[in-house]
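Novice: The structure that follows is given in the form of structure tokens.
The values are calculated or read from the model by the stated rules, or taken from the named source; none is laboratory data. The model shown is predicted, which means the values in this text are computed figures rather than measured ones. Every residue, glycine among them, receives a Cβ derived from its backbone with ideal geometry; neighbour counts consider all protein chains shown. Accessible surface is based on the protein model in full, side chains and every heavy atom, while ligands, DNA and RNA are left aside. Shrake-Rupley method; radii C 1.70, N 1.55, O 1.52, S 1.80 Å.
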Amino acid sequence: MTSNEAATAPSPGGADKAGSLPFDTSVAHQARCYDYMLGGKDNFEADRAAVEAWLEIDPEVLFTARSNRAFLGRAVRYLAAEAGIRQFLDIGTGIPTSGNTHQVAQAVAPESRVVYADYDPIVLAHARALLSSSEAGATEYIDADLRDTGTILSQADRLLDFTEPIAITLLTILHAIPDRDDPHAIVAKLVDAVPPGSFLVVTHWGADFLSQEKQDGLRDVTDRMQQPLTPRSREQVARFFTGTDLVEPGLVRVEEWRPETAPDDTAQSSLWGAVGRKR
């Protein structure tokens, strides 16, 4: 994308973002690292170097990234096809690739409405790809950090009807929120804002899946990124779903959540994943 194209991307249209990161290509960024893991082209040398260093410690990280993407598709199809959800709030969207939330949802229900929120400049530059809605549905993009929960909710209200069920998706974003910012309180505020019958979808880096040696090695890698990452235990991840009932099979590795094909017995992801329905 050229600089002119980036300049004409949708404007933020909101308040200043808390903790906004500078656009620094010399330091690895989670969204761009994830893009590289998925075979994308919107990444830089620092991102590729971080992924290569990660691979030396955790060779299954590419499987983890692909499994997370596949989980997104299965979860959104479940919500649209089986749960009847027609509204989605996707926070921590990441760089667009095939099978974005609106594409999956609108393939099932063309009238689905999807609001995306992210604050990475590269994601903003590619926001057009997230706004290519079906004619019957609608999409919107909010330039905001997850911690700016009030901004996200107030702007999402322009497209979504908060008196009707909404699915909130938080995929591989909560482990980028440190404990000092109280990610559990952030999620609770989001869930409080939607009515009963809404859904919460989370994937999170699992401390249970990593030996202490791996955790120490990966901490050296992630501490050099713009957003240091915090793996959490199954118990800690389960707390995000307070006030919801988990959809079967509950909180499991992402590849084990309602798989559509036989699982790959040769690899395992390091992500917890679940879908919960608000009581």
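Novice: Suppose we keep just the DSSP beta bridges with both residues in the chain; what percent of those would be antiparallel, to 5?
Specialist: 40 percent
Novice: Determine the calculated [θ] at 222 nm for the chain from helices alone, applying -39500 (n - 2.57) to every DSSP H run no shorter than 4 residues and normalising by the residue count; nearest 500 deg cm²/dmol. Walk me through the numbers on the way to the answer.
Specialist: On the way: 11 runs with 95 residues, N = 279.
Rounded to the nearest 500, the figure is -9500 deg cm²/dmol.
Novice: Continuing with this model, one more query. Report, in debye and to the nearest 20, how large the dipole of region 152-256 comes out about its Cα centre when Lys and Arg carry +1 and Asp and Glu carry -1 on their Cβ.
Specialist: For region 152-256, the charge dipole is close to 220 debye.
Novice: Also: In what sequence, largest accessible area first, do Lys189, Lys41, Lys214 appear using a 1.4 Å probe?
Specialist: Lys41, Lys189, Lys214
Novice: Which whole-Hz ³J(HN,Hα) couplings does region 116-125 yield from phi under the Karplus relation 6.51 cos²θ - 1.76 cosθ + 1.60, θ = phi - 60°, glycine and proline marked x?
Specialist: So the Karplus estimates, Gly and Pro as x, are 9, 9, 7, 9, 7, x, 5, 5, 4, 4 Hz.
Novice: Hey, any idea what % of the chain's accessible area is carbon plus sulfur with a 1.4 Å probe? The partial results should precede the final answer.
Specialist: Details: 5920 of 12120 Å².
Looking at the chain in its full context, I get 49 percent from C and S.
Novice: Counting only heavy atoms of the protein chains, get the accessible area per residue of the chain (1.4 Å probe) and round it to a whole Å² value.
Specialist: So the chain comes to 43 Å² accessible per residue, rounded to a whole number.
Novice: Looking at the chain as a GNM with Cα springs under 10 Å, which of Gly40, Gly206, Gly92 has the largest mean-square fluctuation?
Specialist: Gly40
Novice: Who wins for biggest fluctuation among Tyr34, Tyr119, Tyr78 in a Gaussian network model of the chain, springs between alpha carbons below 10 Å?
Specialist: Tyr78
Novice: Using a basic spin-label model with each label point 7 Å from the Cα along Cα→Cβ, how many nm lie between Ala267 and Arg239?
Specialist: 3.2 nm
Novice: Mind giving me the nanometre distance, one decimal, between the label points for Ser211 and Glu260, set 7 Å out from Cα along Cα→Cβ?
Specialist: 3.6 nm
Novice: Whole angstrom only: what separates the Cα centroid of region 18-84 from the Cα centroid of region 242-279?
Specialist: That distance is 18 Å.
Novice: Rank Arg239, Arg128, Arg48 by mean-square fluctuation in a GNM of the chain with C-alpha springs under 10 angstrom and give only the top-ranked residue.
Specialist: For the chain, modelled as a Gaussian network with Cα springs under 10 Å, the answer is Arg239.
Novice: Here is a further query. Please work out the FRET efficiency for the pair Arg180 and Ala136, using the Cβ-Cβ distance as r and a Förster radius of 41 Å; give the result to the nearest 0.05.
Specialist: 0.40
Novice: Further, regarding this structure: Please compute the modelled spin-label separation between Arg158 and Asp220, points set 7 Å along Cα→Cβ, answer in nm with one decimal.
Specialist: About 4.7 nm, to one decimal.
Novice: Which ³J(HN,Hα) values in Hz, rounded to whole numbers, follow from the phi angles of region 83-88 under the Karplus curve 6.51 cos²θ - 1.76 cosθ + 1.60, where θ = phi - 60° and Gly and Pro get x?
Specialist: 8, x, 6, 10, 9, 9
Novice: Among (i) 13.7; (ii) 21.4; (iii) 19.8, only one was calculated for this model; which label is it, if the read-out is mean projected area of the Cα convex hull in nm²?
Specialist: Answer by label: (i).
Novice: Also: Does region 159-279 come out rounded, prolate or oblate, given a ≥ b ≥ c as the square roots of the eigenvalues of its C-alpha gyration tensor, rounded meaning a/c under 1.5 and, failing that, prolate meaning a/b above b/c?
Specialist: Oblate is the answer for region 159-279, as a/c is 1.5 or above yet b/c matches or exceeds a/b.
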